Each structure stands twice: as structure tokens, then as C-alpha cells.
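Peer 1: Quick one: the structure is below, and I'll ask about it shortly.
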Amino acid sequence: MWLHERNLHVFISWDLVYIFVLSKKKVLEMMRKDPLDKIDSKLTVTAAAIIMRQRSRSILIVVEDGKSIGIVTETDLVRRVIAENLVPTEIKVREIMSTPLITIDSKSTVLDAAKKIQKYGIRGLPVMDNDRIVGMFTVTDIALAVARESERDESLVKAVMRSSYANY
């Protein structure tokens with residue numbers, strides 16, 4: 001992006017700024033802190049859908065014997081149940097969940113998370129801290145991180161440009 005002010009021409013590569021920011025920020029800093037809902041693998045898809053609706057969630061962590069073993073999303077419900085014309089009251093969550101559970105460590109960078117999300121073609125990663133799920137990091141969190149940094153960077157560039165003009 002070229003900024004033109006008087007006779008000053010400054011080129012700013014926002015892509016490089018974002019890559020730098022994403023390579024420094026930790027997942028734990030940037031993720032939303034909403035608690036994740038868990039569902040037993042033996043429950044039906046109908047029960048999962050009801051829980052999603054009641055709690056305004058699009059993702060549930062699937063547990064079996066107290067251990068997180070998978071994830072079920074609204075997309076799973078659509079593609080693996082509705083589009084297949086299956087009866088949701090007869091299908092168990094374990095039959096349609098995505099497994100294994102792909103996670104990210106809370107100390108990983110946002111860039112690491114973005115690479116993992118892209119590699120697996122998923123929209124989010126459960127965040128692990130000391131072998132415990134502490135939240136979810138999603139593509140929305142990446143977009144919000146970039147947007148926040150973009151606003152800060154543009155403000156910083158404008159402030160630098162204003163202060164440099166004050167010296168003339």
C-alpha cells in the first residue's frame with residue numbers, strides 16, 4: 001500500500017506486517033475465552049443439535065469416558081446426517097464426529113494455528129493448556145487479530161507521518 005502525503009511516499013506491505021504479527025502473537029492471547037461445551041459420544045445427533053441451539057454453539061467437543069476424543073460441528077450435522085438423509089434420532093454423535101481431535105497448544109503462535117487450520121481444512125482448533133482444553137481458536141479469531149493489528153498499524157503510520165511533518 002502506498003501512502004501519499006505531500007512529498008512523502010511510504011510503501012507499507014500489510015502482508016508482511018500481518019505475517020510478523022501472526023508469528024509473534026500467541027494463540028492464548030488472541031482466542032476468545034468462551035468455555036467449550038462437551039457432549040457424550042453416546043448421545044444422538046438430535047441431542048447434539050438441541051444443545052447447539054440452546055447454547056448458541058456451532059461446535060461441541062465429544063467425550064467418552066471423560067476423555068475428549070473428537071469434535072462435532074454444525075457442518076458435520078449437515079453433511080453427514082441431513083445430506084445423507086439419515087435419521088438424527090437414530091444416529092449417535094460418535095458416528096459422525098470428526099476424529100482424531102486436532103488441537104493446538106496455547107503457547108503456539110497464531111501463525112502456527114493458521115497453518116494447521118489450512119493444512120487440515122478445518123475452521124477451528126481446540127486450544128490445549130497442560131493437557132486440558134481451555135478454549136477454541138477459529139478462523140474468526142485470525143481475522144479479528146489481523147483486523148485489530150491493521151487498525152493499530154494504520155494509526156501508527158498516520159501518527160508517524162504527522163510527527164515527521166511537524167519537524168518541517
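Peer 1: Show the residues, 5+ positions off or on another chain, whose built amide H is closer than 5 Å to the amide H of residue 69.
Peer 2: 62, 63, 64
Peer 1: For residue 116, go through the lysines and keep the ones whose alpha-carbon is under 27 Å away, minus same-chain ones fewer than eight residues off.
Peer 2: Those lysines meeting the cut-off are 24, 25, 26, 33, 38, 67, 107.
Peer 1: If you take every residue apart from residue 138 with its C-beta less than 9 Å away from the C-beta of residue 138, what net charge results, scoring Lys and Arg +1 and Asp and Glu -1?
Peer 2: +1
Quick note: the coordinates plus some simple rules give every number you see, no bench work behind them. Everything numeric here is computed off the predicted structure, so don't read it as measured data. All Cβ positions, glycine included, derive from the backbone under ideal geometry; neighbour counts span all protein chains shown.
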